[in-house]
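Each remark here refers to the structure printed beneath this line.
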Amino acid sequence: MGHLSETIHIDAPIDHVWEINADCRRIPEWDVNTIEVKDCPDRRDQGGAKYTSVSRVMGRNLATTSETTKVDKPRLLEQKMTLPGGGHATGTVTFIEAGGGTDETITID
């Protein structure tokens, strides 16, 4: 099983960062690979919320379906993802107040 993790610092309060992340319509604003979000229920910070994101990867459009499985506002958002070709992954985003802003860690297993 693969494991990817990256932490970034955002110069904004944790509640503001959470709100932008929780609105699935805004994903293309902060995820440079996402070109479209379909079937979006507006917010993805509710258990069972599902949507499909379309990413442009190496010149191809790839659709990933995500379902929210765990929420601890404003600290944790976990999703199960179904990837092209039948792949599955768990994506976890954590938010920690740090240095006058927010550290956001995205982990994909």
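The values are calculated or read from the model by the stated rules, or taken from the named source; none is laboratory data. All values reported here derive from a predicted model rather than from experimental measurement. Please note: Cβ atoms are built from the backbone with ideal geometry, for glycine as well, and neighbour counts cover all protein chains shown. Just the protein is used for accessible areas: all its heavy atoms, side chains included, with ligands, DNA and RNA removed. Shrake-Rupley method; radii C 1.70, N 1.55, O 1.52, S 1.80 Å.
Each residue in region 48-61 was checked for being open to solvent by 50 Å² or more (accessible area, probe 1.4 Å) and part of a strand (DSSP E or B), and 5 pass.
If you filter region 1-19 down to residues that are under 16 Å from the mean Cα position of the chain (by Cα) and modelled with pLDDT under 95, you find that the one that is surrounded by the fewest Cβ atoms within 10 Å (Cβ to Cβ) is His3. Scoring Asp39 on the criteria (1) touching a Phe, Trp or Tyr at 6+ places or on another chain (Cβ under 8 Å); (2) more than 22 Å from Gly99 (Cβ to Cβ); (3) surrounded by 12 or more Cβ atoms within 10 Å (Cβ to Cβ) leaves a single failure, condition (3). Evaluating Ala22 against the criteria (1) exposed (fewer than 15 other Cβ atoms within 10 Å of the Cβ); (2) small (Gly, Ala, Ser); (3) over 20 Å from Gly2 (Cα atoms) leaves one unmet condition, (1). Only one of the numbered conditions (1) modelled with pLDDT under 95; (2) surrounded by 16 or more Cβ atoms within 10 Å (Cβ to Cβ) is not met by Asp31, and that is (2). Cβ-Cβ contacts under 6 Å between residues 6 or more apart (or on different chains), taken from a first residue in region 69-96 that is outside any strand (DSSP E or B) to a second residue that is aliphatic (A, V, I, L, M), are listed as Pro74/Ile14; Pro84/Leu62.
Residues that are open to solvent by 30 Å² or more (accessible area, probe 1.4 Å) and either out of contact with any Lys or Arg (no Cβ under 7 Å at 6 or more places or on another chain) or within 15 Å of Gly2 (Cβ to Cβ) (or both) within region 93-103 comprise Ile96, Glu97, Gly99, Gly100, Asp103, listed in sequence order.
Is it the case, given these coordinates, that Asp45 is assigned to a loop (DSSP other than H, G, I, E, B), of a type in the set (Asp, Glu) and surrounded by 14 or more Cβ atoms within 10 Å (Cβ to Cβ)? Yes: the conditions hold for Asp45. Contact map, region 20-36: residues that are outside any helix (DSSP H, G or I) paired with residues that are aliphatic (A, V, I, L, M), Cβ distance under 6 Å, separation 6+ or inter-chain. Pairs shown: Thr34/Ile27; Ile35/Val54; Glu36/Val54.
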